[in-house]
Each structure stands twice: as C-alpha cells, then as structure tokens.
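The values are calculated or read from the model by the stated rules, or taken from the named source; none is laboratory data. Being a predicted model, the structure only gives us computed values, none of them experimental. Ideal geometry is used to build each Cβ from the backbone, glycine not excepted, and the neighbour counts take in all protein chains shown. Remember, those area values only see protein heavy atoms, side chains included, never the ligands or the DNA or RNA. Shrake-Rupley method; radii C 1.70, N 1.55, O 1.52, S 1.80 Å.
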Amino acid sequence: MSKKTRHEPHEEHADESWLLPYADLLTLLLALFIVMYAMSATDNKKFEEMSEAFNTALSTGNGVLNFSSALPSDKNLDKGKKNSEENVVNNADKQKQKSQLAKQEQEDLEKLKKQLDQYISNNGLTTLLNTKLNQSQLTITISDNALFASGSAVVKQESRQLAGAISNMLQQFPTYNVVVSGHTDNMPISNSEYASNWDLSSDRALHFMKILLQNAKLDPVKFTSTAYGEFHPIASNATDAGRAKNRRVEVSIIRKYTDESQQTSDKTK
C-alpha cells in the first residue's frame, strides 16, 4: 500500500490586485489637492498680469503665444501699456487739432459771408443775391436776372463786375472747394440753342465759373460746375415769383470740417 504524499500546511493569500487601482486613485487625489492648493495660493498680481496680457493681445494684435512665457514679462506689459497711452494721447491731439481747424474754418466762412453781405447791401443787390451759411457750406445764390438775358447763358457785360467781386473775395480762401451750379424753372425752353433746361443750366454754370477763374489767384482744381435744370427748385413753379426764384446760379464754398451730428441739408429745397 503506497503512502500518500503529504503536503506541508501553508497559509492562503488574499487577492492583492485591488492595490494597483487604489494606488492610482490616491495619486490622482494627491495631484488634485496640490493643484487646488496652488490655485488658492496664486498671487492676485499674476491674475492681473494675465488679464493685461489678454487685453494687450486683443488691442494690439499680438497673440498670447507671442510672449516668451506663460505670463508676459513686466517689460512687455509696460510696452503694451505705453503704446495704449500713446494711442490715447495721439487721438486726443488729432481731435484737438481738428477742433481748432473747424473753428478757424467757421471764422473764415463767417468773414467771407460778412464781406459778401456788405457788398450786396452797398450795391443794392438784396433782391438779386443772398448768402446762407450752414453746417456743410456757404452758398451764394444769384438770380438769373442779375447775370443772363432770358434763355441765354452769356453773362451780361454789366454783370462781370459782380463775378469779379465774388472772385476777389474767394481768393482770400484759396484752399476751399467751390461748386458752381445752374438751376432753371420748369417752363420748357423754346429756342434753337438749347434742347432742354438742363442744357441751359449747365452752360450758365460753366460760363459763370469761367469768369470767376479769370482771377489767376484761384486754382481751377478747386472748382466744379454742375447742372440741376428744373429738378432742385427752392420755390413753387406755380407762380411767376416762384419761377423767378428757381432760375438761379449758386456758388457753394464747401466746408472741409463738418459736424456730422449736426449736419443739415446743403440747401432747402
């Protein structure tokens, strides 16, 4: 009878595979607490620096990645702040300069209007000429009776003195753009020289502008002639008086500095 093999007694070991995920969990928790502590201990100044970095990036076009470190250096922050301050100063200087130029322009146009009004009064032309200054221009309105024979664009010989006087006043302010526009009433033209009121108004504006430019001190580059025909009336065409007001030549000295918030229509139609 064979003997059975005898085994030495030994202890049963429990399964220890759970220790690995448990260790990983503890490691993650430790890392989390370290991060939370670091966040709670971060200097407020660092947050301000980060905020300024983003502001600089947005305002100057420099990306956050343009900085050599996660947070910009004090030198970069100072440069961005300095550029921002310089922009504010430059904008303020430009606005101040524009305001001064606009003020000077207002004084120029008021002076010119006063001279024109004095000339009109001295020469008894109040029924034939008038001036108007608004937010876009100074306009001299001249009745067609003061310049032309009926249906004609030839400036009367006696009216050339008026054109010369206006020209002499304009030469004091040579930097302004000037628009000479012709207008008629709505009565159809009835002669062989002009096919329409538009043609007549165009020739009248051009001929009067040429006389103004006989003054060699005026720059032709600053002058433009245009025709409106019957399509920009300032009075009713139903009466003789209204039609007489609509037949006119306008000389407009255009502002260079206008206040858009207050700008009105160039002319009352």
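Per-residue SASA remark: residue 98, around 100 Å² accessible (1.4 Å probe; ligands, DNA and RNA not included). Give me the net charge for the shell around residue 189: Cβ to Cβ below 15 angstrom, other residues only, Lys and Arg +1, Asp and Glu -1. Summing Lys and Arg as +1 and Asp and Glu as -1 gives -3.
Using only the C-alpha atoms, the convex hull of the range 157-266 corresponds to 133 Å³ per residue. Here the label points at residue 206 and residue 191, each 7 Å from Cα along the C-beta direction, are separated by 1.6 nm in the simple model.
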